[in-house]
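Quick note: the coordinates plus some simple rules give every number you see, no bench work behind them. Worth saying up front: this structure is predicted, and the values here are computed from it rather than measured. We place every Cβ from the backbone using ideal geometry, glycine too, and count neighbours over all the protein chains shown.
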């Protein structure tokens, strides 16, 4: 046997440490090994049976955090836009439904009569808080004459009556969350 050739383990000689490091298989997906002294170039090979073959962790926590912040932002904006609202009435097919808030019973009954006389098919009546009480905002298929009648009717109710109006008796889930289409879908009333 020649003196410069490395000996194999079958011949009874131990492999030097530096040679063991060179012959050791390396997983290319793992950047660090359990041996801190090993920093040689990695080679590609199939994983060994005892090694962990799971894929590297994905960056889901950052994406989930972003999605959570976006959802909370939208919900916060939705809630903030409704804090200045006293009540919201929805009109469908000439019927009036209190969707959210507290509206005086007298105003609701009179508004129902005004909407029925004008034959309004759909629309929304919202009362917003102001320094002097409230302001009525109408939208949808409500003409200007009917809107003015509703504003005149609304001006008859002082701020104290608007804030102390009774809550919705037996509200549906749609009325609890304040969503008009869901309130109409779950509406239990039989009359107009």
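What FRET efficiency would be calculated for the residue pair residue 93, residue 71, taking the C-beta separation as r and a Förster radius of 41 Å, to the nearest 0.05? Please list the in-between numbers first.
Numbers: r = 34 Å, r/R0 = 0.83.
Result of the calculation: an efficiency of 0.75.
Taking the number of other C-beta atoms within 10 Å as the exposure measure, put 14, 110 in order starting with the fewest. Please report the intermediate quantities before stating the final value.
On the way: 14 9, 110 17.
Ranked by crowding around the Cβ, least crowded first: 14, 110.
Would you please give the FRET efficiency between residue 121 and residue 151, computed as 1/(1 + (r/R0)^6) with r the Cβ-Cβ distance and R0 = 22 Å, to the nearest 0.05?
Values: r = 20 Å, r/R0 = 0.91.
Working from the Cβ atoms, E equals 0.65.
7 Å from Cα along Cα→Cβ at both residue 82 and residue 129: what's the point-to-point distance in nm?
1.5 nm
Modelling each spin label as a point 7 Å along the Cα-to-Cβ direction, I'd like the residue 173/residue 141 distance in nm, to one decimal.
Here the answer is 2.9 nm between the modelled labels.
Say R0 is 22 Å: what FRET efficiency, to the nearest 0.05, do residue 113 and residue 182 get from their beta-carbon distance? The partial results should precede the final answer.
Numbers: r = 26 Å, r/R0 = 1.19.
Calculated transfer efficiency: 0.25.
Under a no-solvent Debye model with one identical scatterer per Cα of segment 84-185, what's log10 I(q)/I(0) at q = 0.13, 0.15, 0.25 Å⁻¹?
Values, matching the q order: -0.40, -0.55, -1.51.
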